[in-house]
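A short worksheet on the structure shown next.
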Amino acid sequence: MFEPELEVLSRDKIAALQLDKLKRIVHHAHANVDHYKRSFAAAGVTPDQLESLEDLVRFPFTVKNDLREGYPFGMFAVPREEVIRLHASSGTTGKPTVVGYTREDLEVWSGLMARSLACAGARPGDIVHNAYGYGLFTGGLGAHYGGERLGCTVTPVSGGFTERQIVLLKDFGARVLLATPSYALNIAEVAEQEGVDLRGGALSVGIFGAEPWSESLRRELDERLGIRAVDIYGLSEILGPGVASECIEARDGLHGWEDCFLFEVIDPESGQPLPLGEAGELVITTLAKWAQPVIRYRTRDITRLNPEPCRCGRSHLRIMRITGRNDDMLIIRGVNLYPSQIEAVLLERPNIAPHYQLVVQHEGTMDTLTIEVETKGEVAAGGHDKISADIQSHIKGRLGLTCRVIVLPPGDVPRSQGKAVRVRDLRGKA
Ligand code: DLL
C-alpha cells in the first residue's frame with residue numbers, strides 16, 4: 001500500500017481497481033458473515049448484481065448497531081484464529097464494537113498509515129513522538145506501525161504525563177508530533193507554563209486527528225508549537241487512523257485513499273446519495289479488509305467530497321474537514337450546530353483561550369446553551385461582563401443562537417489527554 005504510484009493513479013484506473021476489489025469484498029462478506037446474508041436478502045440483492053460501481057447504491061447500509069449486535073466476533077469473515085489483532089471502541093453507550101484484523105489487514109493498515117504520515121509531512125528517519133493513546137483505541141498502535149513502516153524512529157509515549165512528554169519531545173529532538181488536536185494544545189500550554197519553548201527546535205509537523213477541530217485551532221497550534229498542523233482521519237470500524245490524510249503542501253482537505261475504500265456522501269435523513277461535492281453523511285466501504293469487511297458503513301461524520309485536483313498532484317478525492325458527527329449535533333431551540341462551529345467563533349475573539357465546554361440544559365420548557373470559556377490572562381474588574389457580552393453577540397450573529405457565557409479564569413476548563421469532552425448534556429438529568 002505504501003507505493004507512491006498508487007497515490008497518483010488516473011481516475012479511470014482508480015475506478016477499475018475499486019470495482020475489481022469491491023466485487024471480491026462483497027462476495028467475501030456475503031459468503032462468510034450471517035449479517036450480510038440477511039441484510040442483502042432483505043434488500044433483495046445478491047453480490048452477482050454488482051456489475052458497476054453505481055450498483056453499490058442498491059446494497060444496504062451497515063450501521064454501528066449492526067456491529068454491536070454481532071458482539072464480539074459475529075462480524076468476522078474469517079476463522080477467529082486468522083484474526084491476529086483485536087481493537088474495540090470505548091463502549092460509552094452500550095456494548096463496545098470489536099474490530100479484528102488478519103495479518104494481511106495489518107499490512108494494509110500500516111502501509112496506509114505510512115502513506116498518510118508521509119503525505120502529512122513525516123519523512124523516513126524522523127523521530128516521531130506518538131501521543132495517541134495505546135491500547136484498545138486504534139490511534140496509538142495504528143500510528144506506531146505506520147511510523148515504523150515509513151522508516152521513522154517512533155517513541156510510543158501514549159497520552160498523559162504531559163510534563164514528561166515535553167522533556168522527551170525536546171531531548172529526543174522529535175520532528176513530528178502525533179496527538180489529538182486538543183491534547184496537542186494541552187502539551188503546548190504545559191510547555192509554556194514550564195518555560196520550555198518548543199518553537200524553533202526540531203519539531204516541525206503535527207499530525208492531528210481523532211476528533212473534530214477548526215481552522216482557528218490549526219492556526220493556534222501552528223503558532224504555539226512552531227509547526228505545520230495537518231489533519232488525519234479514520235475510524236476503528238473501518239480501519240483506524242489512516243483512512244484519509246491532508247497533504248502538507250495544501251492542507252486543504254484529506255486525501256481519502258480510494259484504492260482501499262469507496263466513499264459516498266448521503267443525505268442523513270433520506271439515506272439517498274448526494275451529488276459529488278454536496279455536504280452530508282460520509283459512507284465508507286472497505287475494499288481491502290478481510291477479517292471484517294464493512295459494506296456501506298454510515299460513519300455519522302458530516303463532510304463533503306472534493307473532486308478538484310489538489311496542488312500536491314495526488315488524484316484521490318478529498319474529504320473536506322469533518323465539521324462534526326450527526327450524533328454530536330446540538331439542536332437548541334431549533335438551531336442546529338456543531339461544537340466545532342462554536343470553537344471557530346471563540347478562537348477569533350481576543351483574550352479567549354482555546355479551551356471550552358458547552359453545557360446543554362433543559363430549563364422550564366426550553367433547552368439552553370451555556371458556553372464555559374477561559375480568558376488568556378487575568379482580567380480587570382468588570383472585564384468578564386464585557387467578554388461575555390462580546391461572545392454572546394458573535395455567537396448570535398454567526399450561528400443565530402442566544403446563549404449564556406461563563407468566563408472562567410485561566411486553567412479552569414478541564415484539559416484533554418485524548419479526545420476532548422466538549423459537551424456536557426444535562427438534559428433529562430435535572
Ligand atoms: O479516532 C481513529 C483515529 C486515531 C483517527 C488517530 C485519527 C487519528 P475512533 O475512536 O473509532 O477512531 O473514532 C472515530 O472520530 O468517526 C470521527 O467522528 C472522529 N474523527 C476521527 N478523525 C477525525 C478528524 C479514531 N480528523 C471518529 N476530524 C470518527 C474530525 C474525526 N473527526
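Tabulated values for the structure
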| read-out | value |
| --- | --- |
| Of residues in region 393-412 being in contact with a Lys or Arg (Cβ under 8 Å, 6 or more places away or on another chain) and closer than 18 Å to Asn351 by Cβ, the one modelled with the highest pLDDT | His394 |
| Yes/no for Ile302 being of a type in the set (A, V, I, L, M, F, W, C) and either at positive phi or touching a residue at least 40 places away in the same chain (Cβ under 8 Å) (or both) | no |
| Qualifying residue in region 155-176 (condition: farther than 21 Å from Ser416 by Cβ, in contact with a Leu (Cβ under 8 Å, 6 or more places away or on another chain) and more than 16 Å from the ligand (Cβ to nearest atom)) | yes |
| Set Ala88, Ala120, Ala143: member being touching an Asp or Glu at 6+ places or on another chain (Cβ under 7 Å), among the aliphatic types (A, V, I, L, M) and within 12 Å of the ligand (Cβ to nearest atom) | Ala120 |
| Number of the condition not met by Ser182 [criteria: (1) surrounded by 22 or more Cβ atoms within 10 Å (Cβ to Cβ); (2) closer than 24 Å to Gly324 by Cβ; (3) in contact with a strand residue (DSSP E or B) (Cβ under 6 Å, 6 or more places away or on another chain); (4) of a type outside the set (Asp, Glu)] | (3) |
| Considering residues of region 315-329 that are at pLDDT below 95 and part of a strand (DSSP E or B) only, the residue farthest from the ligand (Cβ to nearest atom) | Gly324 |
| Selection from region 60-95 of residues that are assigned to a loop (DSSP other than H, G, I, E, B) and basic (Lys, Arg) | Lys95 |
| Which listed residue, of Leu198, Leu221, is assigned by TED's automatic domain parsing to the domain that holds Asp171, among the hydrophobic types (A, V, I, L, M, F, W, C) and within 14 Å of the ligand (Cβ to nearest atom) | Leu221 |
| Checklist (1) outside the structural domain of Gly277 (by TED's automatic domain parsing); (2) among the hydrophobic types (A, V, I, L, M, F, W, C); (3) buried (at least 16 other Cβ atoms within 10 Å of the Cβ); (4) within 22 Å of the chain's Cα centre (by Cα) applied to Val421, failing item | (3) |
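The values are calculated or read from the model by the stated rules, or taken from the named source; none is laboratory data. Everything quoted here is computed from the prediction, not taken from an experiment. A quick note on method: Cβ atoms are made from the backbone with ideal geometry, for glycine too, and the neighbour counts reach across all protein chains shown.
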